[in-house]
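What follows is a short report on a single structure.
The values are calculated or read from the model by the stated rules, or taken from the named source; none is laboratory data. Please read all numbers here as calculations on a predicted model, not as lab measurements. Reconstructed Cβ throughout: ideal geometry from the backbone, glycine too, with neighbour counts over all protein chains shown. Note: areas computed on protein heavy atoms with side chains; ligands, DNA, RNA excluded. Shrake-Rupley method; radii C 1.70, N 1.55, O 1.52, S 1.80 Å.
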Amino acid sequence: MNWYYAEAGEQRGPVTETELSDLAKAGAIRDATLVWREGMVNWQPYGQVKRPANTPPARVGEVVCWQCGKMFSREEVIPVGEGWVCATCKPIYLQRLKEGASVAGAAGAHEYGGFWIRFAAKFIDNLIVAVVVLVPLIIFFVALGLTNSRSAEGNFGAVPAVDFGWVGRGDGSGALFGQAIMAQALSLLFQLIFVAIRTVYSTFFLGKYGATPGKMVFKLAVVDASGGKISYGRAFGRSCAEILSQMICAIGYIIAAFDDQKRTLHDHMSNTRVIHNR
């Protein structure tokens, strides 16, 4: 009997049942990994189809616990999406939910977040970061303007005019040139601060909650290829990769509209998925 399994969003195999069991023992295949063989209607998580050695065939009315792989009557299990969890495994399953795993991930039926709903979530996140960055800057510039105004009135502590030498001497263009340079420097500084704060913002929320506030509004979550919660390291890598998605005319975002799993460039680079977490 030949089996196929999913890894990083791609089909692997065929492998024999013995090889499949060896891959599971080695940790290459987990309970949530999707597997398929001839005769199965749909792909199912390995934990739902595996069966411990020397386990007798299932009797009529029995189902398999996708967590431990043992057989139970329907009265001894609880339904989980399209699968089942026994009473012994229920606390483990609930703990996984608290850690960010989804019911869809357990049952192997992810519903991926589409382009427009992710666009709306990103708009909310950018709005939050913009408020965090702009409010302190506005306060700073207002305070700076008041200080300069008082200095000009009393000529006390006023900063001397910058002498640009050969640049527009005598016609006032030197001052304008200096103001233009200052404006460009402040614009660049603002962009760097914005990117840095957004990276920290995204890393923190994805690492701790599996979703940013914008994604939480639409009940979206960022997960790894197996449907599990991502680590802080992967969250940071994804946040940094997102900078590249923006640098190439936002093409990194647009490709999500044409990807079968709605992945952006930074999702591909960090091997993550954005799913509905209902």
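May I ask you to list the residues in the stretch 1-34 that are under 23 Å from Asp259 (Cβ atoms) and assigned to a strand (DSSP E or B)? Once the filter is applied, which keeps residues that are under 23 Å from Asp259 (Cβ atoms) and assigned to a strand (DSSP E or B), the stretch 1-34 yields Tyr4, Tyr5, Ala6, Glu7, Glu10, Gln11, Arg12, Gly13, Leu34.
Of all residues in the stretch 119-144, those that are in contact (Cβ under 8 Å) with a residue 24 or more places away in the chain have Cβ atoms under 8 Å from Cβ atoms of residues that are β-branched (Val, Ile, Thr), 6 or more apart or on another chain, in Ala121/Thr212; Ala121/Val217; Ile124/Val217; Asp125/Thr212; Val129/Ile197; Val132/Ile197; Val133/Ile193; Val133/Ile197.
Please indicate, with yes or no, whether at least one residue in the stretch 194-215 is touching a Leu at 6+ places or on another chain (Cβ under 7 Å) and open to solvent by less than 60 Å² (accessible area, probe 1.4 Å). Even if it seems obvious, please write down each step before you answer.
First, pick out the residues of the stretch 194-215 that are touching a Leu at 6+ places or on another chain (Cβ under 7 Å): 211-212.
Filter once more, keeping what is open to solvent by less than 60 Å² (accessible area, probe 1.4 Å): 211-212.
Within the stretch 194-215, one or more residues are touching a Leu at 6+ places or on another chain (Cβ under 7 Å) and open to solvent by less than 60 Å² (accessible area, probe 1.4 Å).
Close Cβ contacts (under 6 Å, 6 or more residues apart or on different chains) running from residues in the stretch 195-216 that are modelled with pLDDT of 90 or more to residues that are among the aromatic types (Phe, Trp, Tyr) comprise Thr203/Phe236; Gly207/Tyr232; Thr212/Phe205.
Any idea how many residues of the stretch 262-277 are open to solvent by 10 Å² or more (accessible area, probe 1.4 Å) and either under 11 Å from Gly113 (Cα atoms) or among the small types (Gly, Ala, Ser) (or both)? Steps first, please.
First pass over the stretch 262-277, keeping only residues open to solvent by 10 Å² or more (accessible area, probe 1.4 Å): 262-263, 265, 268-271, 276-277.
From what is left, the residues that are either under 11 Å from Gly113 (Cα atoms) or among the small types (Gly, Ala, Ser) (or both) are 262-263, 270, 276-277.
Selection size over the stretch 262-277: 5.
Considering the stretch 1-31 alone, what residues qualify as being in contact with a helix residue (DSSP H, G or I) (Cβ under 6 Å, 6 or more places away or on another chain), of a type outside the set (Val, Ile, Thr) and either at pLDDT 80 or above or closer than 17 Å to Gly228 by Cα (or both)? Of everything in the stretch 1-31, those that are in contact with a helix residue (DSSP H, G or I) (Cβ under 6 Å, 6 or more places away or on another chain), of a type outside the set (Val, Ile, Thr) and either at pLDDT 80 or above or closer than 17 Å to Gly228 by Cα (or both) turn out to be Trp3, Asp31. Answer yes if at least one residue in the stretch 239-255 is crowded, with 16+ Cβ neighbours inside 10 Å, touching a Phe, Trp or Tyr at 6+ places or on another chain (Cβ under 7 Å), among the polar types (S, T, N, Q) and within 24 Å of Glu10 (Cβ to Cβ), and no otherwise. Within the stretch 239-255, one or more residues are crowded, with 16+ Cβ neighbours inside 10 Å, touching a Phe, Trp or Tyr at 6+ places or on another chain (Cβ under 7 Å), among the polar types (S, T, N, Q) and within 24 Å of Glu10 (Cβ to Cβ).
Report yes if Ala180 is over 25 Å from Ile138 (Cα atoms), modelled with pLDDT under 85 and surrounded by fewer than 17 Cβ atoms within 10 Å (Cβ to Cβ), otherwise no.
Details: over 25 Å from Ile138 (Cα atoms): no; modelled with pLDDT under 85: yes; surrounded by fewer than 17 Cβ atoms within 10 Å (Cβ to Cβ): yes.
When the stated conditions are applied, Ala180 does not pass them.
Which ones in the stretch 16-38 are touching a residue at least 40 places away in the same chain (Cβ under 8 Å) and basic (Lys, Arg)? Step through it out loud before you land on a result.
If we filter the stretch 16-38 for residues that are touching a residue at least 40 places away in the same chain (Cβ under 8 Å), which is where we start, we get 30, 32-34.
Arg30, the sole residue that qualifies.
In the stretch 227-253, the residues that are closer than 26 Å to Tyr46 by Cβ reach residues that are open to solvent by 50 Å² or more (accessible area, probe 1.4 Å) with C-beta atoms within less than 7 angstrom, at least six apart or across chains, in these pairs: Lys229/Glu99.
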